[in-house]
Structure formats: C-alpha cells, structure tokens
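Engineer: What follows is a single structure, and I will ask about it in a moment.
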Amino acid sequence: MSMYFRKDKNWQKFAKALDSNRWRSLAQRNIEVATGRVAHAIKATVKKKIQKKEFEANAALTVSIKKSSTPLVDKGIGIFGAIAVQQPEWNTAFIGVLRSDRRYNIARALHNGTNIKVTPKMRAMFRFLWLASEGRDVQLTGAAAALFGRMNHGWKPLRDSTKAIKIPARPFIKDAVDAPEVKRFAQQQWRDAVQRTLKEMAAA
C-alpha cells in the first residue's frame, strides 16, 4: 500500500505565505511608509513647539537684530523654515536642519546650547558697532556691516568682564521626539506596519 500527496493551488499559497523574501519586501515597504509618517509627525511637532514659544526667550539684543521675539525664528528662513525630513533608507529618517555653515554647526549650537568665547576680533566688532550707532565716522565691513544693517542703534561695547556669550539650549528636536503623543503615534504606525504585512502575507 502506498500514499502520495499532490500539490494543488493551496500548497502554492502556503509556500508563498512562508516566503521569507516576500516577507522582507512587504515589511520594508510598509515600515518605510510608517517611518516617513513618523518623521513628518516629528517635524510638525517641532514647528508647533517653536510657534508656541516653548523655549527660552530671545535676549533683548537678539530680538532687536532678528526683529522677532520667538526663538529659532528669523526674518529669513531661520531654523523654523529650515527643518526638513530626509529618508535615505526604508528604516531610517532624518529630521533636522540639512543646511549649516561649514565652519560652525549653528543648528547644533542652538539645539544644545553653547558658550561662544569672546575673541579680540569680536570685542573690536562690538566696539565699532557701538561707535557707528553713536554716529561716529567708522567703516563697517563683513559681519559687522551685516549686523548693522539689521540694527543700526543701541549697540554697546562688550564689558571687560564678558569673556563668553552664552547661547541657551533650545532642544527643538529632542523635545519633539520625546513628546508622549509622538511616541504613541510612532508605536502605532510601526505596529500597524507589521500587522499590515502579516495580513498581506496571509492573503497570498
């Protein structure tokens, strides 16, 4: 007596449901979509927090120069307008400022806070700005001219005791990533991506 099995179309469906390559392809596609949604949710939260002025206020001098009392917002693009999303891989996303000065990472300095050491050149620049704002006949060039173009009055020379200029931390990315509502949204998106993949595998 002998027995044999014949593979029918159900066997093919079963084999397809167990196909690891297909699982990888479906999972990557669904997780890529979920990761993109999470990244854009973080970006939206960053902007919301900046607009709601949840960070330490600008100093009076900064307000005068920028013509804005809202931290991280400038007359031009500023940090607020420069927040971007980039998704180089299916399971990776970048949320932050893509452009920055090659010599100095301004976005990182604003995010983490920093102390800028006052150099003799900086001290001299503030003195020339003060003289120009007092109506003295001085010629400004470079950064000094740019600053004076934004604020042409009220400049003061730096005190001898001022050794550094403190930039307070305004962790606009970290605060958004750590927000409870963002964490819940991210968990739900990735959970749904896995469930969607399982359903698509089962429907093979």
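Engineer: Tabulate in residue order the Karplus-calculated ³J(HN,Hα) for the range 24-30, using 6.51 cos²θ - 1.76 cosθ + 1.60 with θ = phi - 60°, rounded to whole Hz; enter x for Gly and Pro.
Structural biologist: The phi angles translate into 4, 5, 5, 5, 4, 4, 5 Hz.
Engineer: Here's another thing I want to ask about it. Step through the residues of the range 164-179 one at a time and calculate ³J(HN,Hα) from phi using the Karplus curve (6.51 cos²θ - 1.76 cosθ + 1.60, θ = phi - 60°), rounding each to whole Hz and writing x for Gly and Pro.
Structural biologist: Couplings: 8, 9, 8, 9, x, 5, 9, x, 5, 7, 4, 5, 6, 5, 7, 4 Hz.
Engineer: If we sort 49-58, 165-174 on the protection proxy, mean other Cβ atoms within 10 Å, highest first, what's the order?
Structural biologist: Values: 49-58: 15.0, 165-174: 16.5.
So the peptides 49-58, 165-174, ranked by packing, come out 165-174, 49-58.
Engineer: Here's another thing I want to ask about it. What ranking do 34-46, 121-133, 84-96 get when scored by the average of other Cβ atoms within 10 Å per residue, highest first? Mind dumping the intermediate values first?
Structural biologist: On the way: 34-46: 19.0, 121-133: 16.8, 84-96: 14.1.
The most tightly packed comes first, giving 34-46, 121-133, 84-96.
Engineer: Going through the cross-link list LYS43/LYS121; LYS66/LYS183; LYS47/LYS121; LYS47/LYS117; LYS48/LYS163, which pairs have a Cα-Cα distance over 32 Å in this structure?
Structural biologist: Working: LYS43/LYS121 37 Å; LYS66/LYS183 34 Å; LYS47/LYS121 35 Å; LYS47/LYS117 30 Å; LYS48/LYS163 35 Å.
With Cα atoms farther than 32 Å apart: LYS43/LYS121; LYS66/LYS183; LYS47/LYS121; LYS48/LYS163.
Just so you know, all these numbers are worked out from the coordinates, no wet-lab data involved. Treat the numbers as computed from the prediction; the structure is a model and nothing was measured. Because the Cβ atoms are built from the backbone with ideal geometry, glycine has one as well, and the counts that use them run over all protein chains shown.
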